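All remarks here apply to the structure that follows.
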Amino acid sequence: MFSRSLALQSASALAAGLVTWQLAGVAMALSLFYGALAALINTGLLVWRFKQGERDYHCDAKRHLKSFYRSSLERYAVVGAWLALGFGVLNLAGLPLLLGFVIGQLAWVLAALLFR
């Protein structure tokens with residue numbers, strides 16, 4: 001299930017990056033790829049936590065909720081730091097970076113609906 005979703009997410013980011021490269025140049029395409037990579041990192045962390053939950057099976061609701069909160073905060077922190085690095089330190093173009101992130105996230109949602 002996850003491999004097809006990741007493949008769709010990666011393919012959509014690649015297609016958007018190639019179109020951006022042809023229309024706006026290499027710098028904009030790299031910014032878009034960087035944003036799409038943020039979405040892939042988010043998905044990777046989500047899948048990693050899901051796989052951990054499959055191995056560590058328990059029936060404690062409080063523990064599940066704690067794990068859910070921790071996973072959410074980890075993903076927000078990592079993706080936030082990744083995007084801040086792109087905006088601040090690397091000084092990438094903002095609109096393509098955000099567009100790449102949005103395209104990656106939308107592809108993940110679409111894949112989740114299609115491959116359910």
Rounded to whole Å², per residue accessible area for the chain with a 1.4 Å probe reads 65
Longest principal axis of the chain (C-alpha) makes with the long axis of helix 2-24 (C-alpha) an angle, in degrees to the nearest 10, of 20
In the chain the accessible area split gives carbon plus sulfur, as whole percent at 1.4 Å, a share of 72
Longest principal axis of the chain (C-alpha) makes with the long axis of helix 61-84 (C-alpha) an angle, in degrees to the nearest 10, of 10
Per 10 angstrom bin, beginning at 0 and ending with the bin that holds the maximum distance, the Cα pairs of the chain fall in percents of 14, 38, 31, 13, 4, 0
Calc'd 3J(HN,Hα), region 35-50, phi into Karplus 6.51 cos²θ - 1.76 cosθ + 1.60 (θ = phi - 60°), Hz, glycine/Pro = x, comes to x, 5, 5, 4, 5, 5, 5, 4, 5, x, 5, 5, 5, 4, 5, 4
Per-residue ellipticity at 222 nm attributable to helices in the chain (runs of n ≥ 4 DSSP H, -39500 (n - 2.57) apiece, nearest 500 deg cm²/dmol) works out to -30000 deg cm²/dmol
One finds the C-alpha centres of region 44-116 and region 1-31 to be spaced, in Å, by 18
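The values are calculated or read from the model by the stated rules, or taken from the named source; none is laboratory data. These numbers come from a predicted model, not from an experiment. Protein only, heavy atoms only, side chains kept; ligands, DNA and RNA dropped before computing areas. Shrake-Rupley method; radii C 1.70, N 1.55, O 1.52, S 1.80 Å.
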